[in-house]
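Read through the structure below, which is laid out as structure tokens, and then see the notes.
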Amino acid sequence: MLFNIQYTWRILARNKTNLFWILFFPITLGCLFKVAFSNMSTSERFSPVPVAIVCEEGAPSAEPFCAIAEELGKEGENQMLAITWCDEKEAMRLLKEKSVDGILFVKDRVTLTVSSNMNNVQINQSILQILTERYNAGMALLEDTAALYPDRLAAAAETLQTAISGEFCREISYSRSPQDPYTQYFYNLIAMACLFASMAGLHISLNNQGNLTALGARKNISATGKLTSITSELIATALFEFLLNTLAFLFLVFVLKVDMTARLPLAVFSILISSLTGVSLGFFIGSIGNRGEDFKTGVSTAVSMVCCFLSGLMVGNMRILIEEHAPFLNRINPAALISDSFYCLNVYESLERYAADSLTLILLSAGLCLGGFLMTRRKRYAGLSNVS
Amino acid sequence: MNTPVVKIDNLVKRYKELVALDHFSLEIAEGEIFGLLGPNGSGKTTAINCILSLLAYDKGRIEVFGKEMKPDSYDLKRRIGVVMQNVAVFDELTVYENIDYFCGLYVRDKQLRKQYVEEAVQFAGLEEFTKFQPKKLSGGLLRRLNIACGIAHKPKLIILDEPTVAVDPQSRNRILEGITKLNENGASIIYTSHYMEEVEQICTRIAIMDKGRILATGTQKELKKMIKKSEIITIELIELPEADRQAILALPHVYQADFSGHRLVVLCSGGKHNLIRILNYLNERDLSVGHVYSKQPTLNDVFLEITGKELRD
């Protein structure tokens, strides 16, 4: 068996097609993803809203609003506004030049002036509008409180300021670390690379069936049993593909700096199981029927790509859509399971779902191997017309 | 009598409507180079694949070394070497590695395997190409590699299925010499071909096949004796009157005499001194004789007479 494993490794290591699809293709695609998504991430990063504030001296809102504005304009991670304090004339000039996205006039109430021909900053204008509305609503509340409950006015003012400046509500992540929404594409990329191992698995089947290839015929008439031959080749191929997939994964993590560093040993274990699943899938497909190599290669590629499509490699929210309409598919789709296991490792504290995904992949691999073996086990063939 | 190396009883193999082997029976004795001769599609390869338990068959029994051959008869397979019609080697492995790999499917001992592989390399004349990958070899060398992979483990029964297809004459001669050498070293050989010259050159016993049936079995001599035509005499003449042609046809053992294009072709069935008798007659009639040829019948003639068609039709 060791002899067979050694030679299988030698054959795989010299098979340029295998090396390309399992190692270089995911790396190349990973680089492209990185370039594409880093631009998209940058464009989605929040920048402080440039605003001009014109404060009328002695106006009732001047003091409380300016305190809030200063808080929101403080430089740092949570800076919301980039404020220019100026007079009305200067503010209008800045708005005209599009140096600011709006002007806040602080008088009895706070009013917002925006330019109608600045469609590209509609989100920023909306932010300023919400800020204005919330402040004015708060001020109305304070006036009512002053009239009805004057003793509680100070407490109400403090609460209002806290709420508007963002201390009251703080965004918290329920995950282990904040996740870039595009990281899921990299999970799917790993899933794709692992399922591409099905090509190597397919060749195990083809090279052990006397009715499909001349090599298969030669092996069938040799003194080495089919169980020994297939088992050793499955082990050797799964380990070899695991090595290639791990290299691709490490490249993504350490060279491209994709945020998948959580629980590295478990991630590597996932790659091992996933590689085995890919190889088993190919072996199973290769064992069905007596169609030739080209046909089965086509089927294997199609199955891998459909699985990856359903897991969201091409359309990001596909897995979520399937979860809503046909959740069972996500439970048996190997690409979805692989992708989900990486997601679980990086997002959830608990390993429960990761364990379920891994167990399903192991059972799936075992089932595919068993099915494939039952179909290829020792037998005489009805015809050898496909041997090439 | 020794147990036959291969014994096939009443084998029937059908591909749907087509009967590929039709009550095919055969016995091959130890030490023979047994030739299966027949045109393409006559059932030679099907018979081989049935012997090897690769193909399922509808009826009959196959024994190899006295035991029934089954897909899991690994003890029997260990003693069989096969050279298939299609070259079956790994493109990713070198010549040496390919031979080592296929030898390793039979021989576990590393030292012994090394010795066997080196002997196979030498046998196939591949010493200079051991580090080459198969795709860099010529067609002839590739065939020789295919043979080396099939015989490296020193089997007692070697089956060669058309090993010289698409091979240059130099490689073909080397392959045929090698097969004879393997036989001298104690291996029994089954050799299939549709090249009668090859079969005539190396086989000690021959079976002629067509349409899945064995038409005749025997040594070359025995097969040639089976047919009426045992000598073909061709004589160049300027002219031959019809009366003289009739007179030649009336000579003993002559059963056909045709004259056309200044050539007299006489077919004789057995007998001795046929040529002298015809030449004496022509001399007596004062007819000038040019070139004279006398030819023994070939296996193709045997095939032609049995089936009514050429072997390579």
- Query: So which residues in region A:235-247 are more than 28 Å from the chain's Cα centre (by Cα) and crowded, with 23+ Cβ neighbours inside 10 Å?
  - Reply: A:Ala236
- Query: Within region B:121-128, is there a residue that is in contact with a Phe, Trp or Tyr (Cβ under 9 Å, 6 or more places away or on another chain), in a loop (DSSP other than H, G, I, E, B) and more than 9 Å from chain A (Cβ to nearest Cβ)?
  - Reply: yes
- Message: Go through region B:114-143 and report how many residues are of a type in the set (Ser, Thr, Tyr) and surrounded by 13 or more Cβ atoms within 10 Å (Cβ to Cβ).
- Response: 2
- Test: A:Arg291 is at negative phi, in the same structural domain as A:Ser358 (by TED's automatic domain parsing) and basic (Lys, Arg): yes
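Rundown of residues vs (1) surrounded by 20 or more Cβ atoms within 10 Å (Cβ to Cβ); (2) within 23 Å of the chain's Cα centre (by Cα); (3) away from every other protein chain (no Cβ under 14 Å); (4) modelled with pLDDT of 80 or more, yes/no style:
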{"position": "A:Asp357", "(1), (2), (3), (4)": "yes, yes, yes, yes"}
{"position": "A:Phe373", "(1), (2), (3), (4)": "no, no, yes, yes"}
{"position": "A:Arg378", "(1), (2), (3), (4)": "no, no, no, no"}
{"position": "A:Gly383", "(1), (2), (3), (4)": "no, no, no, no"}
{"position": "A:Val387", "(1), (2), (3), (4)": "yes, no, no, no"}
- Item | Identity of the residue in region A:114-165, within 20 Å of A:Leu104 (Cα to Cα) and not in a helix (DSSP H, G or I), that ends up modelled with the lowest pLDDT | A:Met118
- Expected output for region A:1-17 (first residue within 9 Å of A:Ser232 (Cβ to Cβ) and among the β-branched types (Val, Ile, Thr), partner at pLDDT 90 or above and crowded, with 20+ Cβ neighbours inside 10 Å, Cβ below 6 Å, 6+ apart or cross-chain) is A:Ile5/A:Ser232; A:Ile5/A:Ala236; A:Thr8/A:Glu233; A:Thr8/A:Ala236
- List pairs: first in region A:47-74 and in contact (Cβ under 8 Å) with a residue 12 or more places away in the chain, second charged (D, E, K, R) and crowded, with 19+ Cβ neighbours inside 10 Å, Cβ under 8 Å, 6+ apart or cross-chain? A:Val49/A:Asp101; A:Pro50/A:Asp101; A:Val51/A:Asp101
- Task: Mind listing just one residue for me: the one in region B:100-113 that is crowded, with 19+ Cβ neighbours inside 10 Å and assigned to a loop (DSSP other than H, G, I, E, B) and, of those, farthest from the other protein chains (Cβ to nearest Cβ)?
- Result: B:Val107
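Mind listing whichever residues of region B:25-67 are within 14 Å of chain A (Cβ to nearest Cβ), assigned to a loop (DSSP other than H, G, I, E, B) and touching a helix residue (DSSP H, G or I) at 6+ places or on another chain (Cβ under 9 Å)?
Just the residues of region B:25-67 that are within 14 Å of chain A (Cβ to nearest Cβ), to begin with: B:41, B:43-62, B:64-65.
Pick out the ones that are also assigned to a loop (DSSP other than H, G, I, E, B) and you get B:41, B:43, B:52-54, B:56-58, B:65.
Within region B:25-67, B:Leu52, B:Ser53, B:Leu54, B:Ala56, B:Tyr57, B:Phe65 meet the criteria.
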- Task: Hand me the list of helices (runs of 4 or more DSSP H) wholly inside region A:305-355 holding 1 or more residues that are surrounded by 12 or more Cβ atoms within 10 Å (Cβ to Cβ), charged (D, E, K, R) and touching a Gly at 6+ places or on another chain (Cβ under 7 Å).
- Result: A:318-325
- Query: Within region B:76-88, how many residues are facing chain A (nearest Cβ under 8 Å) and of a type outside the set (S, T, N, Q)?
  - Reply: 7
- Which is surrounded by fewer than 23 Cβ atoms within 10 Å (Cβ to Cβ) and within 21 Å of B:Glu162 (Cα to Cα), of B:Glu97, B:Glu32? B:Glu32
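May I ask you to verify whether B:Gln133 is more than 13 Å from chain A (Cβ to nearest Cβ), out of contact with any strand residue (DSSP E or B) (no Cβ under 8 Å at 6 or more places or on another chain) and not hydroxyl-bearing (Ser, Thr, Tyr)? Steps first, please.
Details: more than 13 Å from chain A (Cβ to nearest Cβ): no; out of contact with any strand residue (DSSP E or B) (no Cβ under 8 Å at 6 or more places or on another chain): yes; not hydroxyl-bearing (Ser, Thr, Tyr): yes.
It is false that B:Gln133 is more than 13 Å from chain A (Cβ to nearest Cβ), out of contact with any strand residue (DSSP E or B) (no Cβ under 8 Å at 6 or more places or on another chain) and not hydroxyl-bearing (Ser, Thr, Tyr).
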- Message: From the list A:Ala59, A:Ala82, A:Ala69, exactly one residue is part of a loop (DSSP other than H, G, I, E, B), hydrophobic (A, V, I, L, M, F, W, C) and away from chain B (no Cβ under 14 Å). Which is it?
- Response: A:Ala59
- When every residue in region A:90-113 that is in contact with a helix residue (DSSP H, G or I) (Cβ under 7 Å, 6 or more places away or on another chain) and assigned to a loop (DSSP other than H, G, I, E, B) is compared, the one nearest to A:Glu63 (Cα to Cα) is A:Arg109
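The values are calculated or read from the model by the stated rules, or taken from the named source; none is laboratory data. The shown structure was predicted, so the numbers you read here are calculated from the model rather than taken from an experiment. All Cβ positions, glycine included, derive from the backbone under ideal geometry; neighbour counts span all protein chains shown.
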